[in-house]
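A quick write-up on the structure given underneath.
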Amino acid sequence: MENVVSEQQSKSPDTGTDTRRAEGPKVEGDVVFALSNVNVFYGAFRAVRDVNLQIHEQEITAFIGPSGCGKTTVLRCLNRMNDLIAIARVEGDLRYHGMDLYANGVDAVEVRRRIGMVFQKPNPFPKSIYDNVAYGPRITGMVKKKKGGDLDDIVENALRKAAIWDEAKDRLDSSALGMSGGQQQRLCIARAIATNPDVLLMDEPCSALDPIATAHIEDLMQQIKSEYSIVIVTHNMQQAARVSDRTAFFSVEVNPDSDTRTGVLVEYDHTDRIFSNPADPRTESYVTGRFG
Amino acid sequence: MAIVTVGDVARKNAQTLQGAGRDVGGTIFRIAVAGTLYVSLLIIGVLIFDVLFDGWDQLSTRLGGFLSGTLRSRSIDDKLGVHQGLYGSFWIAAFVAIIAFPTGIAAAIYLEEYANQNRTTRFIELAIRNLSGVPSVVYGLLGLFLFVEKNTILGFIGLGWLVDLTGGPTPISAGLTLAILVLPIVIITSQEAIRAVPSGLKEGAYGVGATKSEMIRTQVLPYAAPGILTGTLLSMSRAIGEAAPLILIGAISGGLTANPSFVDVTALQDRFTALPILIVTWVSQRGRDEGFATAAAAAIVVLLVVVLLLNMTAILLRNRFEKKRG
Ligand SMILES: Nc1ncnc2c1ncn2[C@@H]1O[C@H](COP(=O)(O)OP(=O)(O)OP(=O)(O)O)[C@@H](O)[C@H]1O
Ligand SMILES: [Mg+2]
C-alpha cells in the first residue's frame, strides 16, 4: 500500500497539464483528487448527489455553500473519514493521484496519514499541548524517541506554522483543554500538520478565530500550499475569495417526493470566475449575498 | 392612549426581576431531595454506631487477636477471630480482580468498538443486562454445579475437569463463581464509560492516522478509565459482601481448623470460609452463646472497613485519572 501511493505521487505530469500551462500565466498542478459521480448516503438518505470534481496539487480549493448542503460530507469522503460513521455509504469513483480510494485493500489508516484533517469543531485531546502536537508523529513512528530532540523541533515547527507558538511556548506541558476555543482550533491545525501530510483538509478552520488569527492561518495556507494541497470549507465568502485558487459551490435540492434535502455541486471553477462571473444564477445570488 | 415603546416594555419587565424565592415548588422539591439524603445518611450512621457499640468489647480489648483468630465453638476464647474469613475474602477478591476485570473490560471494548450493531450483538447485550439482575443464589447454584459437584449434567457434557481444577468446595470455586457473578456488572459499567468517550477525540486520533487499536489505547481507555475503575471496584465490594452463593458452594461455618496466612496458596485447595459467612454463622449462634453477638458485630465492622477502604481507593484512583484526563 505504502509503495503504491508514493509511486502514484511521483508519476509524471500528464500531457493535458502541459498544454494548459502553455496557455495562461496560471501554473496548474497535477490532479490530486478526481471525483466522478460521487453520491453519499446516510442510511437511506442521500446527502449529496452526483459530485464531479477535480482538485489540483499545490492549490487551495474552497468549498462554499449553505448549511447542510454536504460540504463536510464530501470533505470527509476524501480521507475516508466517513468509514467511521456506520450508516454512511459512499458511491461513485474517488481517485487520489489516480488511485481508487475506495478500492478493496486500500488501508484507510494509510490514507489518513497522507491526508490530514482539521475538524469543524475543535477537538484537542485531553493531554498536554506538547502531547497533542506530538500525537501524530509518535503514532505514525515519524520519530524514534518519545520526547526531546527531533520531536521538540517538529512540535515547535507545527505550532509556529499554526500561529500558536507564542501563546503556547510557555505552557507546553499544561492541558490543551485550558486553551480558548480559537487557540484550540489552531492547536488542532498544528496537530494536523505535525505529521507532514500531503493534503490538508480543513473544515471551517477559522470559524472560531478572530481576524488576526484568521489572517495568520490564511498566511500559513499560502505558505504551505507549495508543499501541500489544501481543501478548505468556509462560510466566509471573503475568505474563499482571498485564499482559494478554485471554489466549489454546493447547494441543496429539495426532493419533491420525500421532502428531504440533497446536496449538489452547482458550480466549480477558478475562484475569480466564481466570484466575478459565475455561470449559474444560483452561484451568483449566493456569492452576492442574496441567498444563503 | 400613549404610545408604548419597546423601551417602556423592557423597563416594566425589568421590575419583575425581583422575584427570587418565589419558586415554591422548587423549594419544596429541594427540601424533599435533601431530606431523603439526610435520612439515608442518618440510617447508615445509626447502623455503624450500632455495630461499633455491639462489637466494641471485641474490638477494644483484643483487636489483634480478633483479626488473627479463627472460628471457635465458644465465644469466650482467646483464639476466636476472623482471620480465616479474611483469607477467604481476600482470595475471592483476588480471583474477581484477575478474572472478571480483564474479561469484562475486554468484552466491553469489543461490544462498543468492534462488534457490528446487528441482532446478535443486541441479543448479547440484552442477555448481559438480564444476567446482572439474576439473584446471587442462582449464581451459587451455577458455581456448585460447575466447580464443586462432579456428577451433574455439566459433568456429563464434559466440564468435569473444572472440578478437578478447583478441588471442590474451595476458595478457587468461590472466587470463580463470584467472578462470574460480577462479570455482567463490570461489562455494563465499562461499556457505559466507553460510550461516553466523545466522538471528536476518536475522529481526532483517526484524523492523524491512528489505527483502531492505537485509538482505543491512547484515547478510549484513558478517557474511560475513571468510569471503568469506579464500576469495577464497586463490583468488587459486591463480591466481597455476598454470602448466599458461598453457602451453596460449601463455605464452612464451623470446625475449620486450618488458619493459613494470606500468601499460603496451598490452602486454596482446602475448604474455606469468608467474612459474610462468619457473620451469618455467629449471628445464628448468639441464641446458644450470647458472646457471639459481639463477635458478629465486630466482624461486620471489619467487613465494613474493608469495603470502605476499597471504595476510597476507587475514589482516589478515579480522581487521579480524572486529573490526568484534564
Ligand atoms: N452522521 C450523520 N448521520 C446522518 N446524517 C448526517 C450525518 N452527518 C451529516 N448528515 C446529513 O447530511 C447532510 C449534509 O451535512 P453536512 O454536515 O455535510 O453539511 P455541511 O454543508 O457541512 O453543513 P454546515 O455548513 O452546517 O457544516 C445534512 O442534511 C445532514 O443532516
Ligand atoms: Mg460542515
Among A:Val118, A:Gly65, B:Ala293, whose Cα sits farthest toward the positive end of the charge dipole of the protein assembly as shown (+1 at Cβ of Lys/Arg, -1 at Cβ of Asp/Glu, about the Cα centre)?
-> B:Ala293
Where chymotrypsin sites (Phe, Trp or Tyr not before Pro) fall in DSSP loop in the stretch B:245-326, at most 14 other Cβ within 10 Å = B:Phe262
Rg(Cα) of the stretch B:6-60 divided by 2.2 N^0.38 Å?
-> 2.42
Between chains A and B, the summed loss of accessible surface on complex formation, probed at 1.4 Å and reported to the nearest 100 square angstrom, is 1600
Percent of accessible area on the stretch B:6-60 owned by carbon and sulfur, 1.4 Å probe?
-> 71
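Per-residue Cβ counts within 10 Å, from other chains only, averaged over A:118-126: what number is that?
Numbers: counts 2, 4, 1, 4, 2, 9, 4, 10, 9.
Counting other chains' Cβ atoms within 10 Å and averaging over A:118-126 gives 5.
Taking only protein heavy atoms into account and a 1.4 Å probe, give the accessible area per residue of the protein assembly as shown in Å². Don't skip to the end; give the middle numbers.
Values: 30500 Å² over 618 residues.
Heavy-atom SASA per residue in the protein assembly as shown reads 49 Å².
Just check the stretch B:15-119 against the gyration tensor rule for me: Cα atoms, a ≥ b ≥ c as the square roots of the eigenvalues, rounded for a/c under 1.5, and otherwise prolate or oblate depending on whether a/b exceeds b/c. If you can, show how the numbers build up before the last one.
Values: a/c = 4.99, a/b = 1.31, b/c = 3.80.
Here the stretch B:15-119 falls in the oblate category.
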What list of ³J(HN,Hα) couplings, whole Hz, do you get for the stretch B:149-156 from phi and the Karplus terms 6.51, -1.76, 1.60, once you set θ to phi - 60° and write x for glycine and proline?
-> 9, 8, 8, 9, 4, 5, x, 5
Tell me, what % of the accessible area of the stretch A:31-287 is carbon and sulfur with a 1.4 angstrom probe?
-> 46
Column: log10 I(q)/I(0), Debye, Cα scatterers of the protein assembly as shown, q = 0.11 Å⁻¹ | -1.07
Taking a 19 Å limit on the Cα-Cα distance, which of the listed pairs A:Lys169/B:Lys202; B:Lys212/B:Lys324; A:Lys169/A:Lys225; A:Lys127/A:Lys169; A:Lys71/A:Lys127 fall beyond it?
-> A:Lys169/B:Lys202; B:Lys212/B:Lys324; A:Lys169/A:Lys225; A:Lys71/A:Lys127
Taking the Cα-to-Cβ direction at B:Ile43 and at B:Arg119 and moving 7 Å from each Cα, how far apart do the two end points lie in nm?
-> 4.4
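Using helices alone, I'd like the mean residue ellipticity at 222 nm for chain B: each DSSP H run of four-plus residues gives -39500 (n - 2.57), total over residue count, nearest 500. Walk me through the numbers on the way to the answer.
Values: 14 runs with 215 residues, N = 326.
Using -39500 (n - 2.57) per qualifying helix, the result is -21500 deg cm²/dmol.
Taking the Cα centre of the protein assembly as shown as origin, sum charge times position over the Cβ atoms of Lys and Arg (+1) and Asp and Glu (-1), and report the length of that vector in debye to the nearest 20. Could the numbers behind the result be given before it?
Values: 59 positive and 62 negative charges, 285 e Å.
The dipole magnitude comes to about 1360 debye.
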Furthest towards positive pole of dipole, A:Val109, A:Ile129, A:Val40, structure part the stretch A:38-139, Cβ charges | A:Ile129
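May I ask what percent, to the nearest 5, of DSSP beta bridges between residues of the stretch A:173-292 are antiparallel? Kindly include the intermediate steps, with their values, before the conclusion.
Numbers: 9 of 14 bridges.
Close to 65 percent.
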Inter-label distance for B:Val265 and A:Asn52, nm, one decimal - labels placed 7 Å from Cα along Cα-to-Cβ | 7.2
When the Cα centres of the stretch B:28-83 and the stretch A:63-100 are compared, how far apart do they sit, in Å?
-> 64
Taking trypsin sites (Lys or Arg not before Pro) as exposed when DSSP calls them loop (any state but H, G, I, E, B) and at most 11 other Cβ atoms lie within 10 Å, what is the longest stretch of chain A free of them, the sites themselves excluded?
-> A:147-289
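If you place +1 on the Cβ of every Lys and Arg and -1 on the Cβ of every Asp and Glu, how big does the dipole about the Cα centre of the stretch B:64-325 come out, in debye to the nearest 20?
The dipole magnitude comes to about 500 debye.
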Distance from the Cα centre of the stretch A:240-292 to that of the stretch B:248-326, in angstrom?
-> 72
So which residues of the stretch A:77-93 lose at least 10 Å² of accessible area, probe 1.4 Å, when you go from the chain by itself to every protein chain present?
-> A:Met81, A:Leu84
Calculate the dipole size of the stretch B:6-60 relative to its Cα centre from +1 charges on Lys and Arg beta carbons and -1 charges on Asp and Glu beta carbons; express the result in debye to the nearest 20.
-> 640
Charge-dipole axis of the stretch B:6-60 as Lys and Arg at +1 and Asp and Glu at -1 on Cβ define it, positive-most pick from B:Leu17, B:Ile28, B:Leu42 = B:Leu17
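With viscosity set to 0.890 mPa s at 25 °C, what whole-number translational diffusion coefficient in µm²/s follows for the stretch B:64-325 from Stokes-Einstein and a Kirkwood radius over Cα pairs?
On the way: Rh = 20.1 Å.
Reported coefficient: 122 µm²/s.
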Once whole DSSP H runs in chain B are found, which of them have Cα atoms spread over 24 Å or more along the helix axis and a mean Kyte-Doolittle score of at least 0.5?
-> B:24-68, B:171-195, B:221-241, B:291-325
For B:Asp57 and B:Arg129, what does the FRET efficiency come to when R0 = 41 Å and r is the distance between their Cβ atoms, rounded to the nearest 0.05?
-> 0.35
DSSP beta bridge pairing in the protein assembly as shown, given as percent antiparallel to the nearest 5 = 60
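Quick check: from the Cα gyration tensor, does the stretch B:249-303 come out rounded (a/c under 1.5), prolate or oblate?
Details: a/c = 2.50, a/b = 1.87, b/c = 1.33.
Prolate, because a/c is 1.5 or more and a/b exceeds b/c.
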Would you grab the residues whose amide H sits under 5 Å from the one on B:Leu80? Only those 5+ places off in sequence or on another chain, please, with H modelled 1.01 Å from N.
-> B:Thr70
In vacuo Debye sum over C-alpha of chain A, base-10 log of normalised intensity I(q)/I(0) at q = 0.08, 0.10, 0.13, 0.16 Å⁻¹, listed in q order, is -0.35, -0.55, -0.94, -1.38
May I ask you to list the residues of the stretch B:179-218 whose amide nitrogen lies under 19 Å from a point 7 Å from Cα along the Cα→beta-carbon direction of A:Asp150?
-> B:209-210
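The values are calculated or read from the model by the stated rules, or taken from the named source; none is laboratory data. Every value quoted in this text rests on a predicted model; they were computed, and no experiment measured them. No Cβ is skipped: glycine too gets one built from the backbone with ideal geometry, and neighbour counts run over all protein chains shown. Each accessible area value is taken on the protein alone, full model and side chains, heavy atoms only, with ligands, DNA and RNA left out. Shrake-Rupley method; radii C 1.70, N 1.55, O 1.52, S 1.80 Å.
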